[in-house]
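Worksheet: the structure to be examined is printed underneath.
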Amino acid sequence: MSDFWRRLIRIGVHEGVPARELRYITLLNGLAIVVGLLLLANIPFTAAYLPDTAFILGVQVADLAACVIALFLNARRQYLAARLCFNLIAAINLATYPLATGTQTGAHFLQLLVIVAAFYLYPPRETVIKYSVIALSTLFLILWSAFDGSAVVEASRDWLGVQVLPEPLLNILSWAMPANVAIFMLAFMYYGQAILRRAEDRTEALLRNILPEPIMQRLKQGEAVIADSFSSVTVLFADIVGFTELAGRTPPEKLVQILNAIFSRFDDLVEDRGLEKIKTIGDAYMVVGGLPVRSDDHVALVCRLGLEMLSEIKRIEAARTLGLNIRIGIHTGPVAAGVIGRKKFSYDLWGDTVNVASRMESQGIPGEIQVTESVHAEVHGGFELEPRGSLQVKGKGPLSVYLLRSGPSR
């Protein structure tokens with residue numbers, strides 16, 4: 001039943017719908033379905049008192065049609081039209097409802113539902129439309145509140161329940177409609193907030209996969225520009241050697257599965273070490289230690305990660321014989337970091353440290369981890385490093401480099 005309900009409230013939702021739009025679509029669908037079911041349950045009762053209730057029946061049928069049309073428009077991805085159809089027809093029909101019931105039943109207070117719904121159904125870009133709907137419903141509510149209370153269109157007294165009810169109960173029922181409205185409003189607000197929270201949770205979970213947690217929190221708090229300087233971080237670049245050749249002889253789906261399996265394992269290793277994955281570029285993988293939360297042991301942590309990544313590739317190759325290897329480069333130093341872009345934004349790093357780490361990888365040896373003198377100076381007491389000599393690095397000249405052989409696991 002829950003799956004069926006989930007499919008119903010997602011009418012009109014497709015893969016391209018942004019998370020911020022999803023909440024408004026599903027909320028309107030849910031409201032239209034609930035109101036439609038209530039009307040379907042009430043229409044036979046109203047029809048039983050025809051012809052005296054013809055006017056009331058017409059209003060109820062029109063409201064039911066508004067619910068169906070709103071769902072149809074959402075299915076056609078006409079989201080604004082669906083919202084307007086539901087709100088405006090409901091507001092106008094509810095304004096005519098007291099013509100047959102008078103105001104003594106509190107029917108005019110149903111306009112409060114339209115007002116509350118409008119606050120939740122319209123996204124920020126439709127603020128003018130939202131407040132126009134609210135103003136219209138408020139006007140209807142004020143006009144009926146000033147009315148003397150008697151019905152204009154004569155409805156069946158049996159339908160209204162007046163003939164068979166004693167006076168004390170009638171007095172109680174005169175407050176029943178406003179009370180029901182209040183209860184429905186509270187339930188609707190709770191349901192609306194629940195949908196908003198679920199949408200926000202999904203958005204937050206997605207952001208956590210894109211941005212570091214501290215950066216995400218800063219963006220949520222309204223920080224417009226994320227730009228930081230770090231005096232000391234450690235950057236690792238890794239490239240899968242042999243992947244291009246593998247791509248030439250492997251079906252695309254299987255190729256993606258292989259790369260996903262490798263990088264997913266790398267993701268686990270990065271998370272275990274408390275480091276930060278920055279991005280993947282094709283078959284290349286970039287990691288940093290020491291940001292966005294500053295730390296003192298980032299060089300050792302990244303070196304351990306490099307050794308674990310090397311072991312993981314060897315394990316995968318031994319099991320599957322894919323002809324793959326890995327080349328890793330590490331450098332430590334200062335960087336600038338921040339969030340760039342309005343669409344498909346990312347958290348990225350810039351600076352000489354990033355460039356040198358990239359060169360350590362690209363000019364490295366398959367199956368080896370090549371590091372700079374600055375890395376060697378930080379970890380040579382706890383790790384085994386082999387001098388490789390001097391390497392001519394573009395933009396830097398000759399640099400002393402080392403091959404990282406082994407080190408402590410923790």
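So here's what we get for this one:
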{"item": "Output for the stretch 328-346, where each listed residue is in contact (Cβ under 8 Å) with a residue 40 or more places away in the chain and either β-branched (Val, Ile, Thr) or surrounded by 23 or more Cβ atoms within 10 Å (Cβ to Cβ) (or both)", "result": "328, 329, 330, 331, 332, 335, 337, 339"}
{"item": "Qualifying residue in the stretch 327-338 (condition: within 24 Å of residue 258 (Cα to Cα), of a type outside the set (Val, Ile, Thr) and not in a helix (DSSP H, G or I))", "result": "yes"}
{"item": "Qualifying residue in the stretch 135-150 (condition: modelled with pLDDT under 60, outside any loop (DSSP other than H, G, I, E, B) and surrounded by 16 or more Cβ atoms within 10 Å (Cβ to Cβ))", "result": "no"}
{"item": "Residues located in the stretch 360-401, provided they are in contact with a helix residue (DSSP H, G or I) (Cβ under 8 Å, 6 or more places away or on another chain), without any contact (Cβ under 8 Å) to a residue 40 or more places away in the chain and either farther than 25 Å from residue 240 by Cβ or not in a loop (DSSP other than H, G, I, E, B) (or both)", "result": "385, 393, 400"}
{"item": "Selection status of residue 353, outside any strand (DSSP E or B), in contact with a strand residue (DSSP E or B) (Cβ under 6 Å, 6 or more places away or on another chain) and more than 24 Å from residue 209 (Cβ to Cβ)", "result": "yes"}
{"item": "Within the stretch 275-327, considering residues that are among the polar types (S, T, N, Q) and either without any contact (Cβ under 8 Å) to a residue 40 or more places away in the chain or not assigned by TED's automatic domain parsing to the domain that holds residue 241 (or both), the one farthest from residue 367 (Cα to Cα)", "result": "295"}
{"item": "Which numbered condition residue 296 misses (of (1) surrounded by fewer than 14 Cβ atoms within 10 Å (Cβ to Cβ); (2) of a type in the set (Asp, Glu); (3) in a helix (DSSP H, G or I))", "result": "(3)"}
{"item": "Residue 92 being surrounded by fewer than 21 Cβ atoms within 10 Å (Cβ to Cβ), touching a helix residue (DSSP H, G or I) at 6+ places or on another chain (Cβ under 6 Å) and not in a loop (DSSP other than H, G, I, E, B)", "result": "no"}
{"item": "Any pair with Cβ under 7 angstrom, 6 or more apart, that starts in the stretch 34-58 at a residue that is touching a residue at least 40 places away in the same chain (Cβ under 8 Å) and more than 26 Å from residue 117 (Cα to Cα) and ends at one that is outside any loop (DSSP other than H, G, I, E, B) and of a type in the set (Asp, Glu)", "result": "49/158"}
{"item": "Filter result for residue 237 (crowded, with 19+ Cβ neighbours inside 10 Å, at pLDDT below 90, assigned by TED's automatic domain parsing to the domain that holds residue 338 and of a type in the set (A, V, I, L, M, F, W, C))", "result": "no"}
{"item": "Residue list for the stretch 41-54, filter: crowded, with 18+ Cβ neighbours inside 10 Å and in a helix (DSSP H, G or I)", "result": "46"}
{"item": "Residues of the stretch 267-284 that turn out to be in contact with a Leu (Cβ under 8 Å, 6 or more places away or on another chain) and assigned to a strand (DSSP E or B), as a count", "result": "2"}
{"item": "Test result for residue 351, out of contact with any His (no Cβ under 7 Å at 6 or more places or on another chain), crowded, with 16+ Cβ neighbours inside 10 Å and without any contact (Cβ under 8 Å) to a residue 24 or more places away in the chain", "result": "yes"}
{"item": "The stretch 299-326, subset assigned to a helix (DSSP H, G or I) and among the β-branched types (Val, Ile, Thr), residue surrounded by the most Cβ atoms within 10 Å (Cβ to Cβ)", "result": "302"}
{"item": "Number of the exception - residue 369 against (1) surrounded by 17 or more Cβ atoms within 10 Å (Cβ to Cβ); (2) under 19 Å from residue 296 (Cβ atoms); (3) aliphatic (A, V, I, L, M)", "result": "(2)"}
{"item": "Options 64, 28, 8: the member that is over 30 Å from residue 207 (Cα atoms) and either among the aliphatic types (A, V, I, L, M) or touching a residue at least 12 places away in the same chain (Cβ under 8 Å) (or both)", "result": "64"}
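So that you can scan it fast, the table gives a plain yes or no per residue for (1) within 27 Å of the chain's Cα centre (by Cα); (2) within 25 Å of residue 122 (Cα to Cα); (3) in the same structural domain as residue 8 (by TED's automatic domain parsing); (4) not acidic (Asp, Glu):
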| residue | (1), (2), (3), (4) |
| --- | --- |
| 33 | yes, yes, yes, yes |
| 36 | no, yes, yes, yes |
| 39 | no, yes, yes, yes |
| 47 | no, no, yes, yes |
| 54 | no, no, yes, yes |
| 57 | no, no, yes, yes |
| 66 | no, yes, yes, yes |
| 72 | yes, yes, yes, yes |
| 76 | yes, yes, yes, yes |
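The values are calculated or read from the model by the stated rules, or taken from the named source; none is laboratory data. Worth saying up front: this structure is predicted, and the values here are computed from it rather than measured. FYI the Cβ positions are ideal-geometry reconstructions off the backbone, even for glycines, and counts take in every protein chain you see.
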